[in-house]
Ligand SMILES: [Zn+2]
Ligand SMILES: [Zn+2]
């Protein structure tokens, strides 16, 4: 064992990482949650789809075939994980989620890209959590992280119908053609998929800019928005 590894292990024993979910207990082994929370994490990863009965990662409902995801957004533990990613994204926490998400993305990609945050959000939190997640997944898939989309800020959506919302979404982003042309098969990532409007709008912008194939992956998907 090298000197560096020994030092790392010693530091972990003296200062255990705080639990990903409760932030109080200390993490055990390689799992980033404490002894009390490990069952919560196992349960949330196994929570069955209310239509096909499979866990989120294996859900076969037709609405899900274009988007890979790990968790159901409605579960309290998922909300905690998303909040952690948004407000306090320590690298090792992102990596735990990226490990599992990357295992679901089995296609052939030339690069991983992401739906960028609004400029105001990025200023507020100091980083783009979708980018952080995409970067960690790209590393695991052995392909580069590419910035292919730009976001122009907020468009008021409250009073818009679903189709108007989708059109307004197209105006919020624009694709960078030079980036897309060099990496024609893309994996597009975001944190949460609600109605799917953002992913659809961004995928079509990427295709218009020259992408040959766009697959999508998110950490969590909202289940209440679809019926088989
Ligand atoms: Zn805990
Ligand atoms: Zn399902």
I need the full set of residues from the range 77-108 which are under 14 Å from the mean Cα position of the chain (by Cα) and in a loop (DSSP other than H, G, I, E, B), in order please. 89, 105
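Would you confirm whether or not the range 109-119 contains a residue that is in contact with a helix residue (DSSP H, G or I) (Cβ under 9 Å, 6 or more places away or on another chain), in a helix (DSSP H, G or I) and crowded, with 20+ Cβ neighbours inside 10 Å?
We begin by selecting, within the range 109-119, every residue in contact with a helix residue (DSSP H, G or I) (Cβ under 9 Å, 6 or more places away or on another chain); these are 109-118.
From what's left, in a helix (DSSP H, G or I): none.
There is no residue in the range 109-119 that is in contact with a helix residue (DSSP H, G or I) (Cβ under 9 Å, 6 or more places away or on another chain), in a helix (DSSP H, G or I) and crowded, with 20+ Cβ neighbours inside 10 Å.
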Just for the range 35-49: of the residues that are part of a loop (DSSP other than H, G, I, E, B) and over 15 Å from residue 78 (Cβ atoms), which one is nearest to ligand 1 (Cβ to nearest atom)? 36
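Answer with yes or no whether residue 53 is more than 16 Å from ligand 1 (Cβ to nearest atom), assigned to a loop (DSSP other than H, G, I, E, B) and more than 30 Å from residue 209 (Cβ to Cβ). Talk me through it step by step, then tell me what you get.
Working: more than 16 Å from ligand 1 (Cβ to nearest atom): yes; assigned to a loop (DSSP other than H, G, I, E, B): yes; more than 30 Å from residue 209 (Cβ to Cβ): yes.
Criteria met by residue 53.
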Some residue of the range 25-32 being more than 16 Å from ligand 2 (Cβ to nearest atom), modelled with pLDDT under 85, part of a helix (DSSP H, G or I) and buried (at least 19 other Cβ atoms within 10 Å of the Cβ): no
Which one of 165, 123, 131 is modelled with pLDDT of 90 or more and assigned to a helix (DSSP H, G or I)? 131
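Quick check, is residue 79 within 16 Å of ligand 2 (Cβ to nearest atom) and over 22 Å from residue 143 (Cα atoms)? Explain how you work it out, then say what you get.
Values: within 16 Å of ligand 2 (Cβ to nearest atom): no; over 22 Å from residue 143 (Cα atoms): yes.
No, not satisfied.
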Among (1) under 14 Å from the mean Cα position of the chain (by Cα); (2) outside any strand (DSSP E or B); (3) within 14 Å of ligand 2 (Cβ to nearest atom) - the single one residue 68 does not satisfy: (2)
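The values are calculated or read from the model by the stated rules, or taken from the named source; none is laboratory data. Being a predicted model, the structure only gives us computed values, none of them experimental. Note that each Cβ is placed from the backbone with ideal geometry, even for glycine, and that neighbours are counted across all protein chains shown.
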